[in-house]
Amino acid sequence: MNKKLKNLSAKMIDYKRFAITLLCVGSFFYLGTILPTEGKTAFDVNGYMLASVLFLAASIGCFLQSSKYKKNLAELNELDSQ
């Protein structure tokens, strides 16, 4: 049972790290769309926005997955303590 708890805890931490990393990358792509630059075309702006949305959606997915593992970990801890 202890190995399963450690495994769930590691997965929760990993997904949270992935989510934070994806959030940072998505933010940088968003900054690329709003900062004025000479020679930036509409294709560039649309590409940056698409990348920003995709990275932020992946970040939300990873946060949700981390939350799911956290809930499972809490349930197992509760069952283990009884």
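The count of lysine pairs in the chain that are at least 8 places apart or cross chains, and whose C-alpha atoms lie under 28 Å apart, stands at 19.
Solvent-accessible area per residue in the stretch 27-82 equals 76 Å², computed with a 1.4 angstrom probe and all protein chains kept. In the context of the full protein assembly, residue 68 retains an accessible surface of approximately 100 Å², using a probe radius of 1.4 Å and ignoring ligands and nucleic acids.
Share of carbon and sulfur in the accessible area of the chain stands at 65%, probe radius 1.4 Å. Mean residue ellipticity, 222 nm, helices only, the chain: the sum of -39500 (n - 2.57) across DSSP H runs of n ≥ 4, divided by residue count and rounded to 500, is -32500 deg cm²/dmol. Over every Cα atom in the chain, the radius of gyration and the widest Cα-Cα span, Dmax, amount to 18.4, 65 Å.
The values are calculated or read from the model by the stated rules, or taken from the named source; none is laboratory data. It should be emphasised that the depicted structure is a prediction, and the values quoted were computed from it without experimental measurement. Quick note on the areas: whole protein, heavy atoms, side chains included, nothing else; ligands and nucleic acids left out. Shrake-Rupley method; radii C 1.70, N 1.55, O 1.52, S 1.80 Å.
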